[in-house]
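J.: There's a structure below that I have some questions on.
The values are calculated or read from the model by the stated rules, or taken from the named source; none is laboratory data. If you're wondering where the values come from, they're calculated on a predicted model, not measured in any experiment. Neighbour counts are summed over all protein chains in view; Cβ atoms, including those assigned to glycine, are modelled from backbone coordinates with ideal geometry.
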Amino acid sequence: MGSFDADVIGIGFGPSNIALAIALEEVHPDLRSIFVESRTSPAWQPGMLLSGSDIQHHPLRDLVSPRNPRSHYSFTNHLHEEGRLFEFLNLNLPFPLRKDYARYVKWAARQFDDQVEYGTSVTGLETLPEGGVLARLADGRELRSQSVVVAPGRPPYLPPAFRKLEDARVFHYTRYLDRVAELAKKPGARIAVVGGSQAAAEISLDVAQRFPQCTVKNILRGFGYRQKDLSPFQGEVFFPDFIDYYYDASAESKKDLDRQLRHTNYSAADMDVLTAYHTRLYEQRLDGDYRIQLTRNTDITGAVAGPDGITLEFVERHTGDISSLEADFVILATGFVDLTDDLGENFLPPVLSPLQHLVGRTPERHAEIGRDYRLLPAKDVELPPIYLNGLCETTHGLGDAGSFSLVSHRAAAIADSLSKEIPSRTKAKDGHAHPQLGSE
């Protein structure tokens, strides 16, 4: 391998890069990889494993089955190996529980422990004169690789009123279960849940159930909750063919498709959650206990931290009425940020900032990304193979959102491209041996 520690360095080891590790092992075992994960052990959405919550997609849309239904790494085989297959089949649930899928993700990840460095992160990347990439790790080590696959997940979206507010009492919903012990220390806490997504509904219900003395103010920009569009026609956005269709569409056509398809995945909730939430609100009227309250058609215009809580300032979007409330905790169920243009907040993941001047731009000033998820170089510039895994919704469509639906096909596309981009003469002879990590 010359001076390279690996053929591929994967940044992050969540579902996207776990699926890539599986694809590399099954299809291109001659490529040797190292994955770097900031968590100390594998985990999937640990802050959102609410009791009774599900994954909202078919169990066979797992890390590998759509690409290779016979794989050892399938969700079905995981259930078989853990002795729960018949119990799962007898559940009569439309979708698997999140807790079940979290166990599956961890089970799959653990089989690649010899390729993963947990508890550290990549703090910077730079190109090497001989080609390839140098990755600097937070613990001071350096790794040299011929290619990089970046899969850190999308950053949380913070509404404008909260972007300059640094206060531990305000947090994104993905940290909810990590913070419940703190919420429990304040009986009768006033909790504001911001958002109209499935997560907002689930958290509002969970807070009311978990902390009976608390009050919940759920603040929505819209009139009410919208049902997720699960029509089989709309579901075809999660077909592999739709990736090609969307990728080849013009910028204006992409905007039109996004408007049509948004509620297959965003600002909406499954009917079972909506029914449970609406029933809870109705039952409150019977009991005279208005523990959960909806504040509709509302924009939050300000958020100020004080010694006694967080003051939220509102404007009603249609009447213009101004009001405020004080909360002890604010939970932002407000989604995530997609890639933006080069003037926006998320042009590329921060780890790629040192290299962004090498990346080509589209006419709309977005990063230029190939069909194979590879970052394309600017004119007359050399750029080593660098891929974005699970971050390309703006170029590849909704199947590239935070969903398992096409994760296995995306992993296959990246693995196939890597095999073509990395010269055969330099590939590792043993695709399963972990390289010796260290600074050279």
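J.: Consider only pairs whose beta carbons are under 6 Å apart and that are at least six residues apart or on different chains; among these, list those whose first residue lies in region 121-145 and is over 22 Å from Val359 (Cα atoms) and in contact (Cβ under 8 Å) with a residue 24 or more places away in the chain and whose second residue is assigned to a strand (DSSP E or B) and charged (D, E, K, R).
T.: Once the first residue is over 22 Å from Val359 (Cα atoms) and in contact (Cβ under 8 Å) with a residue 24 or more places away in the chain and sits in region 121-145, its partners that are assigned to a strand (DSSP E or B) and charged (D, E, K, R) give Glu142/Arg136.
J.: Inspect region 59-72 for any residue being β-branched (Val, Ile, Thr) and part of a loop (DSSP other than H, G, I, E, B) and give the result as yes or no.
T.: yes
J.: Related question: Checking Asp270 against (1) in contact with a helix residue (DSSP H, G or I) (Cβ under 7 Å, 6 or more places away or on another chain); (2) under 25 Å from Phe314 (Cα atoms), which test does it fail?
T.: Among (1) in contact with a helix residue (DSSP H, G or I) (Cβ under 7 Å, 6 or more places away or on another chain); (2) under 25 Å from Phe314 (Cα atoms), Asp270 violates only (2).
J.: Something else: Among the residues of region 130-149, write down those that are in a strand (DSSP E or B) and among the basic types (Lys, Arg).
T.: Taking region 130-149 as the starting set, the residues that turn out to be in a strand (DSSP E or B) are 133-137, 142-149.
Arg136, Arg144, listed by residue number.
J.: I would also like to ask the following. I need the full set of residues from region 95-129 which are part of a strand (DSSP E or B) and closer than 30 Å to Ala269 by Cα, in order please.
T.: Leu97
J.: Turning to a different aspect of this structure: Condition first: surrounded by fewer than 23 Cβ atoms within 10 Å (Cβ to Cβ), among the hydroxyl-bearing types (Ser, Thr, Tyr) and at pLDDT 80 or above. Now tell me which residues in region 406-440 satisfy that.
T.: Within region 406-440, Ser417, Ser419 qualify.
J.: Related question: Residue by residue through region 145-178, note down the ones that are buried (at least 17 other Cβ atoms within 10 Å of the Cβ) and charged (D, E, K, R).
T.: Correct list: Arg154, Arg169.
J.: Here's something else I'd like to know. When you scan region 76-120, how many residues do you find that are polar (S, T, N, Q), surrounded by fewer than 17 Cβ atoms within 10 Å (Cβ to Cβ) and under 17 Å from Ile18 (Cβ atoms)?
T.: Qualifying residue count for the region: 1.
J.: Out of the residues in region 253-298 that are of a type in the set (Lys, Arg) and part of a helix (DSSP H, G or I), which is modelled with the lowest pLDDT?
T.: Within region 253-298, the first condition is being of a type in the set (Lys, Arg), and the residues that meet it are 254-255, 259, 262, 280, 285, 291, 296.
With the extra rule that they be part of a helix (DSSP H, G or I), the set shrinks to 254-255, 259, 262, 280, 285.
Details: Lys254: 96, Lys255: 95, Arg259: 94, Arg262: 90, Arg280: 96, Arg285: 94.
Selected residue: Arg262.
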